[in-house]
């Protein structure tokens, strides 16, 4: 089921029955079903998704020259439609439909699969929204017949608040946040800022910069004078030379990003490291404590909840709390659902102001395969 190249009658019947159960649940919780067009403007995905999705998106050109794509995801087109319709908030939207993703180097994996999910847009009480989506996601898996699963959680806002507490220029804090997704990059940059070992020295005096410009005499100057270029280069070199973090702080943050394991234990380790570094992130940690308490009330065994500090999923639009749900099928561990908070999305798609947003997508074929493996069908 997890890797079918086509859908036979039993598979179609099973998926349809599962979809009916999920959509009934979503409707009972106040979520209205929508169905975005399969063909979407390519730029809304290429500009706002992570590299993992961008490289797997099918693109094409229509007769008028517009670049389109087969939707690789349903969250973005649903948000775009809400902006275009000037939807009143809060809005609760559900969906179930096919998405399409290229699988480079893995021809055995399907290029299309069903995805069901919910999006909660514009609820000002963020904590209440997270509780609602977590509860509905867990209830959805159970309604689909799957009770044996685990969770992996993280929080990009925790790292963002940590970076904002550093004594660095704004552009460097933005750089750390922007490259959170790149494995090893943040750790390398932190070491560079804290220890300076191997720190590249930019050309800093006028003679060096003038010589560099002479060697690249054919390079365009983008409308700037030679003097402007020299002055800016000298300013950048001075700024780079002055950048410095307390080595103890830089090392503590790098160690924090390595933390992964049982959620309660991981948060205790984070608190200890932050105390060592003299950084206070009590509001962000309290929010994570509240999420763990919510999961307990939903009947999720704490031993089945893992926290990973360096976890942002594979979509660059996430801004805060993120989660994934995992189970097993005949081939081994498999991610069956995932979601989180993406508060910047609506504004990026044209909303006049920031709109809170959180949602969850369920890989229904994987859920069915995991249920079959567990003996539930």
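The values are calculated or read from the model by the stated rules, or taken from the named source; none is laboratory data. Small disclaimer: the values here were computed from a predicted structure and weren't measured. Note that each Cβ is placed from the backbone with ideal geometry, even for glycine, and that neighbours are counted across all protein chains shown.
Yes or no, residue by residue, for (1) farther than 23 Å from residue 358 by Cα; (2) at pLDDT 90 or above; (3) out of contact with any strand residue (DSSP E or B) (no Cβ under 8 Å at 6 or more places or on another chain):
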{"position": "3", "(1), (2), (3)": "yes, no, yes"}
{"position": "13", "(1), (2), (3)": "yes, yes, yes"}
{"position": "25", "(1), (2), (3)": "no, yes, yes"}
{"position": "29", "(1), (2), (3)": "no, yes, no"}
{"position": "37", "(1), (2), (3)": "no, yes, yes"}
Selection within the range 122-166 - buried (at least 21 other Cβ atoms within 10 Å of the Cβ), modelled with pLDDT under 95 and within 17 Å of residue 357 (Cβ to Cβ): 155, 156, 157
For the range 101-117, give me the residue count where each residue is closer than 21 Å to residue 317 by Cα and without any contact (Cβ under 8 Å) to a residue 60 or more places away in the chain. 2
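Quick check: anything in the range 269-285 at pLDDT below 60 and over 29 Å from residue 149 (Cα atoms)?
Of the residues in the range 269-285, the ones at pLDDT below 60 are none.
Checking the range 269-285: not a single residue is at pLDDT below 60 and over 29 Å from residue 149 (Cα atoms).
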State whether the residues of the range 61-80 include one that is farther than 20 Å from residue 138 by Cα, assigned by TED's automatic domain parsing to the domain that holds residue 356, free of Cβ contacts under 8 Å to residues at least 12 places away in the same chain and not in a loop (DSSP other than H, G, I, E, B). yes
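Working only within the range 346-371, note down all residues that are assigned to a helix (DSSP H, G or I) and surrounded by 20 or more Cβ atoms within 10 Å (Cβ to Cβ). Spell out the reasoning first.
Applying the first criterion (assigned to a helix (DSSP H, G or I)) to the range 346-371 yields 346-348, 364-371.
Matches in the range 346-371: 346, 364, 365, 366, 367, 368, 369, 370, 371.
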